[in-house]
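The structure appears right after this line, and notes come after that.
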Amino acid sequence: MGCHGGAGTTTLSELVPGSEDLGTFHPRTFEEQSVGDNLFLVSGDGVPAGKRVTEAVNVLSFLGQPIAGLVVVARTPAAMPSHTRSRLRLLEGKVPHILRFPYVARFHFVDRENARSIRLPRKARAVLGTLTTLVVPTTHTPPSHPFTESS
């Protein structure tokens with residue numbers, strides 16, 4: 001779920017198998033029943049985005065909505081603003097996984113449907129791998145026990 005418009009939620013949902021774009025979070029219209037326990041928020045890394053992600057995390061936490069993680073998408077190749085970094089540090093106790101997705105200029109030149117065709121930098125592939133593992137947990141089948149009941 002995006003914390004603001006243009007966060008990158010739609011593109012990430014195209015890149016992460018099994019994920020779904022839930023639109024943009026709005027505190028007045030959020031419906032708890034429409035979101036599962038594996039909610040990831042997506043935000044840009046600018047100062048206004050930092051404010052919106054803080055608002056989203058605080059409201060969702062107040063409502064008792066579990067937040068599995070946050071993906072912060074870099075908007076430029078420059079370093080994240082210090083004010084945004086400070087806000088994210090404050091969220092570390094409320095959000096178990098905070099991932100930084102690096103700036104990928106090529107995303108600005110393709111439709112979301114073609115996002116998979118872009119050759120991603122190593123850091124972006126690593127973040128997607130982690131995100132895929134967290135969003136779509138592997139099914140675990142417990143081992144069978146080798147005992148037999150005696151009659």
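The values are calculated or read from the model by the stated rules, or taken from the named source; none is laboratory data. Keep in mind that what you see is a predicted model, and the values were worked out from it rather than measured. Positions of Cβ are generated from backbone atoms using ideal geometry, with glycine treated the same way; all protein chains shown enter the neighbour counts.
Among what's in region 66-88 and is within 16 Å of the chain's Cα centre (by Cα) and surrounded by fewer than 18 Cβ atoms within 10 Å (Cβ to Cβ), pick the residue that is farthest from SER13 (Cα to Cα).
PRO66
Condition check ((1) farther than 19 Å from LEU88 by Cα; (2) modelled with pLDDT of 90 or more) across all residues:
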residue	(1), (2)
MET1	no, no
PHE25	no, no
SER34	yes, no
VAL42	no, yes
THR54	no, yes
VAL73	no, yes
Which of the following residues is closer than 20 Å to PHE107 by Cα, touching a helix residue (DSSP H, G or I) at 6+ places or on another chain (Cβ under 7 Å) and not hydroxyl-bearing (Ser, Thr, Tyr): LEU12, LEU41? LEU41
Examine region 103-120 for a residue that is among the polar types (S, T, N, Q) and either farther than 18 Å from GLY2 by Cα or exposed (fewer than 12 other Cβ atoms within 10 Å of the Cβ) (or both), and state whether such a residue exists. yes
Please find, among VAL16, VAL73, the residue that is in contact (Cβ under 8 Å) with a residue 24 or more places away in the chain, β-branched (Val, Ile, Thr) and in contact with a Gly (Cβ under 7 Å, 6 or more places away or on another chain). VAL73
Top-ranked residue in region 77-102 [being touching a strand residue (DSSP E or B) at 6+ places or on another chain (Cβ under 8 Å) and of a type in the set (A, V, I, L, M); ranked as farthest from ARG125 (Cα to Cα)]: LEU91
For region 2-30, name all the residues that are among the small types (Gly, Ala, Ser) and closer than 18 Å to ALA68 by Cβ. GLY2, ALA7, GLY8, SER13, GLY18, SER19, GLY23
Within region 43-65, restricting to residues that are within 19 Å of PRO96 (Cβ to Cβ) and of a type in the set (A, V, I, L, M, F, W, C), the one that is surrounded by the fewest Cβ atoms within 10 Å (Cβ to Cβ) is PHE62
Return the residues of region 115-134 that are of a type in the set (D, E, K, R) and either modelled with pLDDT of 95 or more or part of a helix (DSSP H, G or I) (or both); say none if nothing qualifies. ARG116, ARG122, LYS123, ARG125
Just to be sure, is ALA105 at negative phi, among the small types (Gly, Ala, Ser) and in contact with a strand residue (DSSP E or B) (Cβ under 7 Å, 6 or more places away or on another chain)? no
When region 104-114 is checked residue by residue, the ones that are part of a helix (DSSP H, G or I) and either closer than 22 Å to LEU41 by Cα or not aromatic (Phe, Trp, Tyr) (or both) are ALA105, ARG106, PHE107, HIS108, ARG112, GLU113, ASN114
